[in-house]
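Read the figures in this text as sums done on the coordinates, not as results from a lab. As the structure is a computational prediction, the values presented were derived from the model and not from experiment. Here the Cβ positions follow ideal geometry from the backbone for every residue, glycine too, while neighbour counts run over all protein chains shown.
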There are 2 protein chains.
Amino acid sequence: MKVVKFGGSSVASAVQFEKVFKIIVGDPERKIVVVSAPGKRDDQDIKTTDLLIQLAHSVTGDTYSKDLLNRVISRYGDIVNGLQLEQHLLDDIEDSLLATIHEHRLEEGRLLDALKASGEDNNAKLMANYLSSKGYEAKYISPKEAGIIVTAQPGNAKILPEAYVEIAKLRDHSGILVVPGFFGYSHSGHIVTFPRGGSDITGSILAAGIGATEYENFTDVDSIFSVNPNLVNQPMEIKEITYKEMRELAYSGFSVFHDEALQPVVEKRIPVRVKNTNHPESPGTSIVAERKPTKHPVVGIASDKGFSSINLTKYLMNREVGFGRHLLEILEDENVSYEHTPSGIDTMSIIIRNHQLSSGKEERIIKRIQEELLVEEIHMERDLAMIMVVGEGMAKTVGIASKATTALSNAGVNIKMINQGSSEVSMMFGVDESQVDLAVTSLYYAYFSSNKSDHG
Amino acid sequence: MKVVKFGGSSVASAVQFEKVFKIIVGDPERKIVVVSAPGKRDDQDIKTTDLLIQLAHSVTGDTYSKDLLNRVISRYGDIVNGLQLEQHLLDDIEDSLLATIHEHRLEEGRLLDALKASGEDNNAKLMANYLSSKGYEAKYISPKEAGIIVTAQPGNAKILPEAYVEIAKLRDHSGILVVPGFFGYSHSGHIVTFPRGGSDITGSILAAGIGATEYENFTDVDSIFSVNPNLVNQPMEIKEITYKEMRELAYSGFSVFHDEALQPVVEKRIPVRVKNTNHPESPGTSIVAERKPTKHPVVGIASDKGFSSINLTKYLMNREVGFGRHLLEILEDENVSYEHTPSGIDTMSIIIRNHQLSSGKEERIIKRIQEELLVEEIHMERDLAMIMVVGEGMAKTVGIASKATTALSNAGVNIKMINQGSSEVSMMFGVDESQVDLAVTSLYYAYFSSNKSDHG
């Protein structure tokens, strides 16, 4: 039994619904279908979710006009009309949106969550209806019925452990179940949306809950690429990648799959397959617990900008028991989560994402470090980018670091930081943001181009 | 005004005393002289300090025989006779040793400290006497008179801040003052020895206290070498090195100068010169706050064995605010000081010196990490060696990492860990202990041999 999830662009129009229909019925194992809200039909289009967010703000901000509501409904109208579904479906959508607005008009957070969730919810209803209209046994099922019980804070749902007991029972349903992604219900019956990963996380939870043989995630790319295709022309496609590798790439800018969305399937070791709705015959990328080695020790190279480093110096720092603990306590008091704390003998750096250092936190942290830890030098280094070179078993390959550092050196990239060995599947480089694209491109050609020298 | 310190081999015999005499009187700035106990005269010799430690144990262990005492006295006898000093000096030494044994025979720690200290103390008296006998104004001064007031725990003296007020007054003495190294006096009047760095630390404290223009440290080598001369034949001599560089090298196996011994002069930015008593015309190595750049970005390469790494894995570890702090708290509770904590995305390693993990600490730490932090994987990696490549401004040189990793790769060394960028003056490599000598040698030739390819 498989869980199949379709992203926003896969369910953006009647034409896309037809493709999805063929995919679902093409494999009798595809019994649980998760759908997103209608996404972009082209580059200029606006996602339904974004229209719904605007609609929510217009209600709470007292600038409501029926125009926004109509634009939302027209997205479904295109699908209903294009697939020749029953017109009352559109009336139902309008009625339910108006009821939601009325019910939650005075509760900003709840209204936003309920309207955002409606994007997926209404699309799931249409998909179930469409499947039925084609003669298949199919049924819309709400996250409440499915057992997706979550924590209550608006916009920040976390699945509760007891949810999995109910979800497991979905195995016993006959026919195809269509579940809207992106939200669950709190114990008190409120709609609550997931903070990140959207529909991906619903699919992952359901796949884990029913113990699926595979979690298929349909998007609009043929596969996950080994490097950002905006930097390198036609980069190598990744056929197979492990959870660990995916997690390291996702951390550093690979947006294909949000790492929190993977967590439920990682725990149950359920394989994930990323496929293209527009090109379903392509095998896609398989994300698994363990994979066979290939001739490339590196599977992918990712990068992310927006890091800062707080650099400290204090003579004989590493003899001071409690220094590091005290430092991390200061960060914790400010609720700042850090990325890494590389250290020399008398030096220590704290790598932090810039957005963690908002509104006076930076000044307070630096002041406390100076006063409480009596450091001799402290300075901020900004505009850092981190590059992650990822591949299982890399740690065991002699010369892997040499290839990277030689490529960066030949490209004139000044390596500000190297962190290798703490992870068995990755090697991290810190460079100036201005050099990051050059660095990533150089690394890609060093590891993936057989025409290049393999010195090192 | 200079403080001049002579190590054990520099004051091991009458011949050595003559060399030291010439050095002291050769520069009128050399007003404060610190001497060690008589060291080894050849490879088979036993240091006086070691004889004194045996003597102390023989007293407290009830195995005392006069033979050990006589062997100690005979070391001074050779000097007294060789320099034709007055015989009563030897009687004084015997009397004071017997009095020390009698006074502290029931206090193991105090006896050990007092006997160890006597090695330096009696040698300082002989040196002052010898200088006087040659017609120079010279005087023995005890650490008590000099103002070296320290904490009271036997064998673990730390200088007290108030000591510096008294020490500063030594500037006003006329003539040459000879001070025994290695110990101070507690507020209650007990002799207490320094834990590490021995006479070096006395010299450093005095140099800082009087604001010396230079602290000269005479040993038996012409200079500090850029790499262990047991690994490389005639390695490059270091002419000038900064405190920071010296500290990084000292940390990782350069035993020339203990890092704690440097601390007092570092704070006052007093230059240190390491010179050879047997070859005083050689310029030696100068240790300074700032130095001029040379054509070599690397000044030295050091290594040390005996490290272990505790490696942890937990999915989404880096999202857990407080994870690192909690981990370091567990170490602090066991009074374990760690070296580094390199981290990946979901991984973290703690590098610890093996001797920190004695007597059940390892098991307790691992158990607490498993139970309190709920990590998914934890394993110990043993037999690690750390290599430090050191040089100011290295961080600004493109290709420096490439040269190192290429050299290691070509030598077939598997790099287990790289830590670059946390210190501006060093780059750290972790390798298996079995490969460390090969690694150091390869790195030395990569940076210091102009015949080698300078690829990278």
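Per-structure values
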quantity: B:K295-A:S449 pseudo-label distance in nm [points 7 Å out on the Cα-to-Cβ vector]; calculated: 3.4
quantity: Value of Rg to Rh for segment A:2-220 (Rh from inverse mean 1/r over Cα pairs, i.e. Kirkwood); calculated: 0.95
quantity: DSSP beta bridges in chain A [antiparallel fraction, %, rounded to 5]; calculated: 60
quantity: Charge dipole (debye, nearest 20) of segment B:2-220; +1 at Cβ of Lys and Arg, -1 at Cβ of Asp and Glu; calculated: 380
quantity: Interchain or long-range residues, amide H under 5 Å from B:K40's placed H; calculated: B:S9
quantity: Burial order of peptide ranges B:282-288, B:84-90, B:153-159 (average beta-carbon count within 10 Å, highest first); calculated: B:282-288, B:153-159, B:84-90
quantity: Inter-chain Cβ neighbour average for residues B:391-399, partner chain, 10 Å; calculated: 3
quantity: Spatial extent of segment A:389-446: Rg and Dmax, with the Cα atoms as the point set, Å; calculated: 10.9, 31
quantity: Semi-axis lengths (Å, descending) of the ellipsoid that matches the C-alpha gyration tensor of chain B; calculated: 43, 28, 20
quantity: Residue-span extension gain [A:K144 to A:D95] - 0.36 nm each, minus C-alpha spacing; calculated: 15.6 nm
quantity: Net dipole in debye of the protein assembly as shown [+1 Lys, Arg Cβ; -1 Asp, Glu Cβ; about Cα centre; nearest 20]; calculated: 1220
quantity: Förster-model FRET efficiency, 30 Å R0, B:L316 and A:K22, C-beta, rounded to 0.05; calculated: 0.25
quantity: HN-Hα J in Hz across segment A:185-193 - Karplus 6.51, -1.76, 1.60, θ = phi - 60°, x for Gly and Pro; calculated: 10, 7, 4, 8, x, 7, 6, 9, 8
quantity: For B:T242, residues with placed amide H under 5 Å, excluding near neighbours; calculated: B:V288
quantity: Across the identical copies, how the A:L160 labels are spaced - nm, sorted shortest first, 7 Å along Cα→Cβ; calculated: 6.3
quantity: Sparse-neighbourhood loop sites, trypsin sites (Lys or Arg not before Pro) in segment A:184-255 - DSSP loop, at most 16 other Cβ within 10 angstrom; calculated: A:R196, A:K239
quantity: Extension gain from B:L160 to B:H173, taking 0.36 nm per residue of separation minus the Cα-Cα distance; calculated: 2.4 nm
quantity: Semi-axes of the equivalent ellipsoid for segment A:300-448, Cα gyration tensor, largest first, Å; calculated: 30, 17, 13
quantity: Listed pairs B:K31/B:K139; A:K403/B:K244; A:K396/B:K367; B:K2/B:K244; A:K275/A:K295; A:K396/B:K361 exceeding 19 Å between Cα atoms; calculated: A:K403/B:K244; A:K396/B:K367; B:K2/B:K244; A:K275/A:K295; A:K396/B:K361
quantity: Extension gain (nm, one decimal) between B:L374 and B:K239, 0.36 nm per residue minus Cα-Cα; calculated: 43.4 nm
quantity: Descending Cα extents along the principal axes, segment B:261-379, whole Å; calculated: 62, 34, 26
quantity: Ranked by how many other beta carbons lie within 10 Å on average, peptides A:350-362, A:262-274 from highest; calculated: A:262-274, A:350-362
quantity: Averaged over A:425-432, number of beta-carbon atoms from partner chains that fall within 10 Å; calculated: 3
quantity: Karplus 3J(HN,Hα) series, Hz, for segment A:102-110 with 6.51 cos²θ - 1.76 cosθ + 1.60 (x for Gly, Pro); calculated: 5, 5, 10, 4, 9, 10, 3, x, 5
quantity: Beta bridges by DSSP in segment B:2-220, antiparallel share as percent, to the nearest 5; calculated: 15
quantity: Percentage relative contact order, segment B:2-220, counting C-alpha pairs under 8 Å, at least six apart; calculated: 26
quantity: Whole-Hz ³J(HN,Hα) from phi, Karplus 6.51 cos²θ - 1.76 cosθ + 1.60, for segment A:300-308, glycine and proline x; calculated: x, 10, 10, 8, 8, 9, x, 10, 10
quantity: Convex hull per residue volume in Å³, alpha carbons only, for the protein assembly as shown; calculated: 188
quantity: For chain A: relative contact order, % (alpha-carbon pairs under 8 angstrom, 6 or more apart); calculated: 12
quantity: Ascending count of other beta-carbon atoms within 10 Å, so fewest first, for A:F448, B:F17; calculated: A:F448, B:F17
quantity: Helix-only mean residue ellipticity at 222 nm for chain B, each DSSP H run of n ≥ 4 adding -39500 (n - 2.57), per residue, nearest 500; calculated: -12000 deg cm²/dmol
quantity: Segment B:221-258 versus segment A:79-157: alpha-carbon centroid distance in Å; calculated: 72
quantity: DSSP beta bridges in the protein assembly as shown [antiparallel fraction, %, rounded to 5]; calculated: 60
quantity: Shielding by partners - mean other protein chain Cβ count within 10 Å, residues of B:329-338; calculated: 3
quantity: Degrees separating the helix B:66-82 axis from the principal Cα axis of chain B, which is the longest one; calculated: 70
quantity: Förster radius 35 Å - calculated FRET efficiency between A:D67 and A:L438, Cβ distance, rounded to 0.05; calculated: 0.15
